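Structure record follows, encoded as structure tokens.
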Amino acid sequence: QVQFVESGGGLVQPGGSLKLSCTGSGFIFRNTAINWYRQASGKEREWVALITSPVELIEYADSVKGRFTISRDNTKNTVYLQMNDLKPEDTAVYYCKATRYDSWGQGTQVIVSS
């Protein structure tokens with residue numbers, strides 16, 4: 001059974017940083033592309049970033065390019081999202097998902113507010 005557990009969210013002031021983690025299980029993690037998505041209250045879910053494996057290719061949404069960094073540690077079955085220079089519009093529940101599977105985790109809440 002494919003499962004994801006996201007963590008690392010919280011309340012941060014504008015301009016601050018957070019690092020999210022996503023741990024996957026139930027599939028061969030090192031051969032699987034992983035995405036981060038986010039969903040703000042009242043809005044549709046939005047794709048944020050992608051990292052492939054074993055060949056590591058990375059892509060970002062224009063809204064986060066230059067501020068967010070996606071990375072992975074296949075020895076820990078974990079993908080990370082380092083978020084810097086956070087803005088109030090980054091407030092959302094953040095989820096991870098494998099490109100090839102339909103399963104979603106429970107998400108982790110990020111609130112950017114002064």
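In the set Thr32, Thr69, which member is buried (at least 17 other Cβ atoms within 10 Å of the Cβ) and touching a strand residue (DSSP E or B) at 6+ places or on another chain (Cβ under 6 Å)? Spell out the reasoning first.
Working: Thr69 fails: buried (at least 17 other Cβ atoms within 10 Å of the Cβ).
Only one candidate passes the filter, namely Thr32.
Across segment 94-111, the number of residues qualifying as touching an Asp or Glu at 6+ places or on another chain (Cβ under 9 Å) and either acidic (Asp, Glu) or under 21 Å from Ile28 (Cβ atoms) (or both) comes to 3.
Yes or no, residue by residue, for (1) in contact (Cβ under 8 Å) with a residue 12 or more places away in the chain; (2) among the β-branched types (Val, Ile, Thr); (3) touching a Ser or Thr at 6+ places or on another chain (Cβ under 9 Å):
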| site | (1), (2), (3) |
| --- | --- |
| Asn35 | yes, no, yes |
| Glu46 | yes, no, yes |
| Ala61 | yes, no, no |
| Lys65 | no, no, no |
| Phe68 | yes, no, no |
| Thr78 | yes, yes, yes |
| Gln82 | yes, no, yes |
| Gln109 | yes, no, yes |
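Just one of the numbered conditions (1) within 22 Å of Gly10 (Cα to Cα); (2) crowded, with 16+ Cβ neighbours inside 10 Å; (3) polar (S, T, N, Q) is not true of Asn77: (1). Selection of segment 46-58 for residues being surrounded by 14 or more Cβ atoms within 10 Å (Cβ to Cβ), farther than 17 Å from Thr108 by Cα and not small (Gly, Ala, Ser) yields Leu50, Ile51, Thr52. Any chance segment 24-42 includes a residue that's under 26 Å from Ser114 (Cβ atoms) and aliphatic (A, V, I, L, M)? For segment 24-42, residues under 26 Å from Ser114 (Cβ atoms) and aliphatic (A, V, I, L, M): present.
Considering only residues of segment 15-25 that are of a type outside the set (A, V, I, L, M) and assigned to a strand (DSSP E or B), which is farthest from the chain's Cα centre (by Cα)? Filtering first and then ranking leaves Ser25. Which of the residues spanning segment 80-103 are crowded, with 21+ Cβ neighbours inside 10 Å, under 16 Å from Thr23 (Cα atoms) and not hydrophobic (A, V, I, L, M, F, W, C)? The answer is Tyr94, Tyr95, Lys97. Tallying residues that are open to solvent by 30 Å² or more (accessible area, probe 1.4 Å) and closer than 14 Å to Lys97 by Cβ within segment 35-45 yields 3.
The values are calculated or read from the model by the stated rules, or taken from the named source; none is laboratory data. Keep in mind it's a predicted model, so treat the numbers as computed, not measured. Cβ: placed from backbone, ideal geometry, glycine included. Neighbour counts: every protein chain shown. Heads up: the accessible areas ignore ligands, DNA and RNA and are worked out on the full protein's heavy atoms, side chains in. Shrake-Rupley method; radii C 1.70, N 1.55, O 1.52, S 1.80 Å.
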